[in-house]
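Input: a single structure, listed below in structure tokens.
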Amino acid sequence: MRMKKNRGQMRIIETILAAIIIVSALFFVNFFSANPRASSYEVDDLEKMGYSVLLDLDQNGILAPMVYQSKWADLRTALKLTLPVDVYFNLTVYRLDGDLLSKVDNDKIRSDDLTILSDAKNVASVSYGLIGTSDVYNPRLLVLQITRG
């Protein structure tokens, strides 16, 4: 009788040891495996994020008043609040004068640390157009450059 009790206990101990070995092997394989991510996917994700942010601000009626009333600090704050913390940006606003694009914003709509944006490998650029207010045709082109820091 004693032999049966010992054999059952050994099976349980063997099962527990096997489970520990399998879990630790999976942990080490996952820990040391590289997560391949192509840079084109990163740029695509950033482009989608940038366009989505500009579209959301425009659909909520926030973007056009800030651009046409030159409220650059408010626009910068809105972008900082809507973009994730690790995303750095530079927004340039152009006015269409005939066939020429003239810069309007004087480099005021950007992240605090612009060196990260200039040194980054993956920078996405998104263009977004505003046609004007309800009574005046006054086109603006917004170019948003974003990267992850």
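The values are calculated or read from the model by the stated rules, or taken from the named source; none is laboratory data. Because the structure is a prediction, the values reported are computed rather than measured. Methodologically, a virtual Cβ is constructed for each residue, glycine included, from the backbone with ideal geometry; neighbour enumeration extends over all protein chains shown.
Quick one: count up the residues across region 43-71 that are of a type outside the set (A, V, I, L, M, F, W, C) and either over 14 Å from V126 (Cβ atoms) or modelled with pLDDT under 85 (or both).
Our first condition is that a residue be of a type outside the set (A, V, I, L, M, F, W, C); within region 43-71, this holds for 44-45, 47-48, 50-52, 56, 58-61, 65, 68-71.
Right, trim to either over 14 Å from V126 (Cβ atoms) or modelled with pLDDT under 85 (or both) and you get 59-61, 65, 68-71.
Within region 43-71, residues that are of a type outside the set (A, V, I, L, M, F, W, C) and either over 14 Å from V126 (Cβ atoms) or modelled with pLDDT under 85 (or both) number 8.
Taking region 93-149 as the range and being in a strand (DSSP E or B) and over 22 Å from A78 (Cα atoms) as the test, the residues that pass are L96, D97, L100, L101, S102, Y137, N138.
Each residue in region 54-92 was checked for being surrounded by 11 or more Cβ atoms within 10 Å (Cβ to Cβ), assigned to a loop (DSSP other than H, G, I, E, B) and touching a residue at least 60 places away in the same chain (Cβ under 8 Å), and 1 of them qualify. Only one entry of Y128, Y88, Y51, Y94 meets the criterion of being of a type in the set (S, T, Y) and over 22 Å from the mean Cα position of the chain (by Cα), and that entry is Y94.
Can you find a residue that is assigned by TED's automatic domain parsing to the domain that holds Q59, farther than 16 Å from G149 by Cα and touching a residue at least 60 places away in the same chain (Cβ under 8 Å) anywhere in region 110-129? Explain how you work it out, then say what you get.
Within region 110-129, the first condition is being assigned by TED's automatic domain parsing to the domain that holds Q59, and the residues that meet it are 110-129.
Going one step further and asking which of them are farther than 16 Å from G149 by Cα, we end up with 126-129.
Still in the list and also touching a residue at least 60 places away in the same chain (Cβ under 8 Å): 126, 128.
So far as region 110-129 goes, yes, one or more of its residues are assigned by TED's automatic domain parsing to the domain that holds Q59, farther than 16 Å from G149 by Cα and touching a residue at least 60 places away in the same chain (Cβ under 8 Å).
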